[in-house]
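Structure first, then comments.
The values are calculated or read from the model by the stated rules, or taken from the named source; none is laboratory data. The structure presented is a predicted model; accordingly, all values stated were derived computationally and were not measured. No Cβ is skipped: glycine too gets one built from the backbone with ideal geometry, and neighbour counts run over all protein chains shown.
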Amino acid sequence: MTAPISISLDVNGERVDTSVLPRLNLADFLREHLKLTGTHVGCEHGVCGACTVRVNGEIVRACLMLAVQADDASIETIEGLSDSGEIADLQAAFRDRNALQCGFCTPAMLMAAQDLLKQNAVPDREEIREHLSGNYCRCTGYQAIVDAVEATARARARRAP
Amino acid sequence: MKASAFAYARATSVENALELLADQGDLAKILSGGQSLMPAMNLRLISPELVIDIGGLAELRGIGVKDGILIIGALTRHVDLLKSPEIAAHAPLLSDAIAHVAHPAIRNRGTIGGSLAHADPASELPACMLALAATIIVRGPGGERRIGAKEFFTGIYETALSPRELLVAVELPVASASSSHFFHEFARRHGDYAIVGLAAQAVVKDGRFADLRLGFFAIGDRPMLADAAGKLVDVTVTPAALSEALSLLADELDPQEDHQATPAMRRHLAKVLLTRCVAALLSRPELDAGAVA
């Protein structure tokens, strides 16, 4: 039973039918099998948050989920969110406010921030900090990241009808 | 690190999961949300030969209320508890506590059954089960067993669950209208495992505790219902009575030393929490002024 198991899933809108070993986690599956390397692997035990992806619309730790558990699921990675333009304004705000330096945490930080803004259109700074509390950044000191998320929320609220 | 190789089986029913467990026993591990199991496997703290995935068993998911009892299926996720109007109405302590369990991405997959069966002594939910007088329901080859929360947690990552049993649900008495609760924990980062925490459930009548259940966590090898509560029930809580309860608490705790805190620091923080809890629940802020030296 340690043999490969076949799975079918949807990744960024594309159907993927393949087979994987049970021990393969979702982050490594995305990076090594599908070459979607925007999902980063830091601590591999759920602490750093760098591997955050969306599964059926909800953010999860890709290092704490087996690829076989993603059978039948719909996965969205930073490549999907970036290509669709869903977070173009958030990405621009990160650039404008220097909310990244080395960039290692950035894809997951964007996933977590967009997840917050979908549930809470205009969060206060405390709510932003709380929602991003599971994502480590070792460069910025977080201040600029909170600024960028706050600015994006306000700009979107102004644009909303 | 990555998990070592294992075989994987997707359970099709509770019976099927129990059959797989009966075959493999302690060589197998149950996978529900994976938020405790996967880190342990990635760190190679455990290397099961078979992982039995119960994630698809809808029968184990959901929250119900019947005859004054709140029933929570083992696969109910933290995010489901956080958003549940039934939990907010009937076990508000749990709603408060869940907000401190890890981070949104983890709460989207972690389950109550997984957290309780994993039994990390620093985690929030086991202490809540003690404070709320929960009954843990497990199923095995011999049928169903109902285990009181106090008997369920037996040590670090150890429970009364046998390797051939599956935790299927939790039952909690519906909180009475006159009850109140307190939850607080000290942690380095919001959502991290606590350095020390307290989940308390109380009934306050005429300015006195008619009932007080103090579930401390991260203070020993398992969560503990503190006997210090006995010093505070059915008495007028004076600073002297509180101070007596605090010294009893310091004596009954057996905190461990780790990279986060010494036993002395944990004892101190536990006393701070008890003081704040009593002051908050009795609405007597003056009790929290200088009680802990």
- The correct count of residues that are under 25 Å from A:Ala113 (Cβ atoms) and outside any helix (DSSP H, G or I) in region B:102-130 is 5
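Any residue at all in region B:65-72 that is of a type in the set (Gly, Ala, Ser) and at negative phi? Talk me through it step by step, then tell me what you get.
As a first pass, look at region B:65-72 and keep what is of a type in the set (Gly, Ala, Ser): B:68.
Keeping just the survivors that are at negative phi gives none.
No.
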- Query: Out of B:Glu158, B:Glu165, which single residue is out of contact with any helix residue (DSSP H, G or I) (no Cβ under 9 Å at 6 or more places or on another chain), surrounded by fewer than 24 Cβ atoms within 10 Å (Cβ to Cβ) and either at pLDDT below 95 or farther than 23 Å from A:Arg61 by Cα (or both)?
  - Reply: B:Glu158
- Task: Please note which strands (runs of 3 or more DSSP E) are completely contained in region A:11-65 and include at least 2 residues that are under 18 Å from A:Ser133 (Cβ atoms) and of a type outside the set (A, V, I, L, M, F, W, C).
- Result: A:58-61
- Query: Could you list, in sequence order, the residues of region B:67-86 that are crowded, with 20+ Cβ neighbours inside 10 Å and touching a Gly at 6+ places or on another chain (Cβ under 7 Å)?
  - Reply: B:Gly73, B:Ala74, B:Leu75, B:Thr76, B:Arg77, B:His78
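Of all residues being touching a Leu at 6+ places or on another chain (Cβ under 8 Å) and part of a helix (DSSP H, G or I) in region B:231-259, which is surrounded by the most Cβ atoms within 10 Å (Cβ to Cβ)? Just the residue, please.
B:Ala245
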- By residue number, the members of region A:47-62 that are surrounded by 24 or more Cβ atoms within 10 Å (Cβ to Cβ) and either more than 7 Å from chain B (Cβ to nearest Cβ) or over 18 Å from A:Asp10 (Cα atoms) (or both) are A:Gly49, A:Ala50, A:Cys51, A:Val53, A:Ala62
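So which of B:Gly73, B:Gly56, B:Gly68, B:Gly25 ends up being touching a helix residue (DSSP H, G or I) at 6+ places or on another chain (Cβ under 8 Å) and either in contact (Cβ under 8 Å) with a residue 12 or more places away in the chain or facing another protein chain (nearest Cβ under 9 Å) (or both)?
It is B:Gly73.
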- Count of region B:102-126 residues which are within 11 Å of chain A (Cβ to nearest Cβ) and in contact (Cβ under 8 Å) with a residue 24 or more places away in the chain: 8
- Would you call B:Arg189 more than 14 Å from chain A (Cβ to nearest Cβ), farther than 24 Å from B:Leu60 by Cα, over 14 Å from the mean Cα position of the chain (by Cα) and not polar (S, T, N, Q)? no
- Task: Give the residues of region B:87-100 that are surrounded by 16 or more Cβ atoms within 10 Å (Cβ to Cβ) and more than 11 Å from chain A (Cβ to nearest Cβ), sorted by residue number.
- Result: B:Ile87, B:His90, B:Ala91, B:Pro92, B:Leu93, B:Leu94, B:Ser95, B:Asp96, B:Ala97, B:Ile98
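Could you look through region B:39-66, keep only residues that are assigned to a helix (DSSP H, G or I) and touching a Gly at 6+ places or on another chain (Cβ under 7 Å), and pick out the one that is farthest from B:Arg77 (Cα to Cα)?
Looking only at region B:39-66, we keep the residues that are assigned to a helix (DSSP H, G or I), and these are B:39-42, B:58-60.
Still in the list and also touching a Gly at 6+ places or on another chain (Cβ under 7 Å): B:39, B:60.
Values: B:Pro39: 17, B:Leu60: 11 Å.
The extreme case among them is B:Pro39.
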- Item | Conditions (1) farther than 17 Å from B:Phe153 by Cα; (2) surrounded by fewer than 23 Cβ atoms within 10 Å (Cβ to Cβ); number of the one not met by B:Ala270 | (2)
- Task: State which residue is nearest to the other protein chains (Cβ to nearest Cβ) when the search covers only region B:1-18 and only residues that are surrounded by 14 or more Cβ atoms within 10 Å (Cβ to Cβ) and not small (Gly, Ala, Ser).
- Result: B:Tyr8
- Inspect region A:108-118 for any residue being within 13 Å of chain B (Cβ to nearest Cβ), in contact (Cβ under 8 Å) with a residue 40 or more places away in the chain and part of a loop (DSSP other than H, G, I, E, B) and give the result as yes or no. no
- Task: For region B:31-52, state whether one or more residues are more than 13 Å from chain A (Cβ to nearest Cβ) and under 26 Å from A:Arg54 (Cα atoms).
- Result: no
